[in-house]
Amino acid sequence: MYKNVDIHRTALIDNDVVIGLGTKVWHFSHVLSGSSIGKNCIIGQNVMIGPDVAVGHNCKIQNNVSLYKGVTIEDDVFLGPSCVFTNVKTPRAFIDRSDEFNDTVVEKGASIGANSTIVCGIQIGKYAMIAAGAIVTKDVASYSLVVGSPAVHIGWVSKAGDRLKADLKCKRTGTFYEEINGNLYEKNND
């Protein structure tokens, strides 16, 4: 059915799903209708995506992650094992709040650590890094490193994922960054 896509025999793929070339979907995962997964992604074991969820290209979604309606994952995102996304702010088992789903966007290149919780309705900026076990309750700036419960900003990381020191230079790539009004930007390194 899907050419150049590796889907484990125990995975379940609903109708009306798009899966890009080179993507792998592993054991006991379920992709629900209306969802799309980009090229060259790795979807770990026991992952649920959808319905109506968009996952970009080159993403790695580790085991035991559920992405609900309203979640958008851009290109090059890493989601650590058992990280959690919520879809309503005040859930109750006895009240249907499916009309209250809040959108959550994880921008290009961000990394979310194992066992983190991402409360719905927020935006995680590009190349941000969420530490394992963090509980994210508000927007996270691009390149920000956040830890704790609730998650707080403790520094900056480079596009390559290395923590930046005071000089804001990535030791791995030599790229310089600059902080302007509480946001980090890659400098023109010409």
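A short reminder: the numbers here are calculations on the coordinates, not readings from a lab. Owing to the predicted nature of the structure, the values given are computational and were not obtained by experimental measurement. Cβ: placed from backbone, ideal geometry, glycine included. Neighbour counts: every protein chain shown.
Near Lys126, within a Cβ-to-Cβ distance under 15 Å, what is the net charge of the other residues, with Lys and Arg +1 and Asp and Glu -1?
On the way: positive: Lys108, Lys159; negative: Glu74, Asp75, Asp76, Glu107, Asp139, Glu186.
Charge balance in the 15 Å sphere: -4.
Order these by the 10 Å Cβ neighbour count, fewest first: Val25, Val152. Display every interim value, and only then the final one.
Details: Val25 27, Val152 12.
Fewest-to-most Cβ neighbours within 10 Å comes out as Val152, Val25.
If you rank Tyr185, Tyr143 by fewest surrounding Cβ atoms within 10 Å, what's the result? Spell out each step's value before the answer.
Details: Tyr185 12, Tyr143 25.
Result, fewest neighbours first: Tyr185, Tyr143.
Based on the Kirkwood radius over alpha-carbon pairs, what value in µm²/s does the Stokes-Einstein equation return for the translational diffusion coefficient of the stretch 36-168 at 20 °C and 1.002 mPa s?
For these conditions, the coefficient is 145 µm²/s.
Using alpha-carbon pairs under 8 Å, 6+ residues apart, how would you state the relative contact order of the chain in percent? Walk me through the intermediate numbers first.
Working: 564 pairs, mean separation 19.2, N = 190.
Relative contact order, the chain: 10 percent.
Computed FRET efficiency, Cβ-Cβ of Ile154 and Asn188, R0 25 Å: what is it to the nearest 0.05? Walk me through the numbers on the way to the answer.
Numbers: r = 27 Å, r/R0 = 1.07.
Efficiency computed from Cβ-Cβ geometry: 0.40.
Ranked highest first by the average count of other Cβ atoms within 10 Å around their residues, in what order do 94-100, 57-63, 7-13, 75-81 fall?
On the way: 94-100: 8.9, 57-63: 19.3, 7-13: 14.1, 75-81: 21.1.
Most protected by this proxy first, the peptides run 75-81, 57-63, 7-13, 94-100.
Which percent, nearest 5, of DSSP beta bridges in the stretch 1-121 are antiparallel? Before the final figure, lay out the partial values.
Working: 1 of 29 bridges.
Restricted to the stretch 1-121, the bridges split so that about 5 percent are antiparallel.
Strictly over 21 Å apart at the Cα level, which of Lys3/Lys108; Lys24/Lys89; Lys39/Lys187; Lys39/Lys60; Lys89/Lys159 would you flag in this model?
Details: Lys3/Lys108 26 Å; Lys24/Lys89 32 Å; Lys39/Lys187 29 Å; Lys39/Lys60 11 Å; Lys89/Lys159 31 Å.
Over 21 Å apart, Cα to Cα: Lys3/Lys108; Lys24/Lys89; Lys39/Lys187; Lys89/Lys159.
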